Amino acid sequence: FLFINIFALVIIPAGALILKFRKRILFLPLKPVLIIFGLHISRLLVVQGLQVVQWAVVMPEIPLTNWLTLLAAQIIISRLPLVPSRDLIFLGTGLELSTYISVNTSAMAGLLLAASVLGKALNLFFFVIVFIITRKHPPLVSEDSLLANEKDSRAIN
């Protein structure tokens, strides 16, 4: 009960401040926000989808539900805040889960190592693609338009 009260005392004022100053802190026009959202969703779906396909190809005898369980554990671990070496934590979790999904532990270790390398290679690939796209096309939001929006919001307030 104490944690709920502390949480409410921190989150509610922080939410109110973000709501009040949202035009100054997190303002972007809708089009760039949707493009950024689309890029992140695309990357997430491609990386996670290829990872499950990789696992299923390497060990086709394991049901897809088991791979989805392992993927869910990886997604949860990757979202933990302030935790260094999330890959190592997932490796340990995956090795522990291997006993429950009837997979040889050494085979699972090799599989998780290959998946980690694939994930890092795909992140590099998408970084290069986005870099090339932004070099060929000017930014969707210029600094001048952001400054103009900031001046407008100051004039309103």
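Given the structure, is A107 within 25 Å of I36 (Cα to Cα), out of contact with any helix residue (DSSP H, G or I) (no Cβ under 7 Å at 6 or more places or on another chain) and not charged (D, E, K, R)? Show your work before the answer.
Values: within 25 Å of I36 (Cα to Cα): no; out of contact with any helix residue (DSSP H, G or I) (no Cβ under 7 Å at 6 or more places or on another chain): yes; not charged (D, E, K, R): yes.
No.
Of all residues in region 1-54, how many are among the aliphatic types (A, V, I, L, M) and touching a Pro at 6+ places or on another chain (Cβ under 9 Å)? Working first, answer last.
Filtering region 1-54 down to residues among the aliphatic types (A, V, I, L, M) leaves 2, 4, 6, 8-12, 14, 16-19, 25-26, 28, 30, 33-36, 39, 41, 44-47, 50, 52-53.
With touching a Pro at 6+ places or on another chain (Cβ under 9 Å) added as a condition, the list becomes none.
Count: 0.
Is there any pair linking a residue in region 71-88 that is farther than 17 Å from Q54 by Cα to one that is open to solvent by 70 Å² or more (accessible area, probe 1.4 Å) and not hydroxyl-bearing (S, T, Y), with Cβ under 6 Å and at least six apart or on different chains, and which?
Hits for this filter: I77/R86; S78/R86.
Take region 74-116 and flag every residue that is within 17 Å of the chain's Cα centre (by Cα) and of a type in the set (F, W, Y).
Matches in region 74-116: F90 only.
Give me the pairs, please: first residue somewhere in region 106-118 and at negative phi and free of Cβ contacts under 8 Å to residues at least 40 places away in the same chain, second residue anywhere and open to solvent by less than 40 Å² (accessible area, probe 1.4 Å) and polar (S, T, N, Q), beta-carbon distance under 8 Å, and either six or more positions apart or on two chains.
M108/S98
Could you list, in sequence order, all residues of region 71-88 that are at pLDDT 90 or above and touching a Leu at 6+ places or on another chain (Cβ under 8 Å)?
A73
Filter region 20-34 down to the residues that are in a helix (DSSP H, G or I) and within 24 Å of the chain's Cα centre (by Cα), then identify the one that is surrounded by the fewest Cβ atoms within 10 Å (Cβ to Cβ). First the steps, then the outcome.
Residues of region 20-34 that are in a helix (DSSP H, G or I), as a first pass: 20, 22-25, 30-34.
From what is left, the residues that are within 24 Å of the chain's Cα centre (by Cα) are 22, 25, 30-34.
Numbers: R22: 11, I25: 9, L30: 7, K31: 10, P32: 12, V33: 14, L34: 11.
The extreme case among them is L30.
The values are calculated or read from the model by the stated rules, or taken from the named source; none is laboratory data. Everything numeric in this text was worked out from a predicted model, so none of it was measured. Please note: Cβ atoms are built from the backbone with ideal geometry, for glycine as well, and neighbour counts cover all protein chains shown. These area figures cover heavy atoms from the full protein model, side chains too; ligands, DNA and RNA do not enter into them. Shrake-Rupley method; radii C 1.70, N 1.55, O 1.52, S 1.80 Å.
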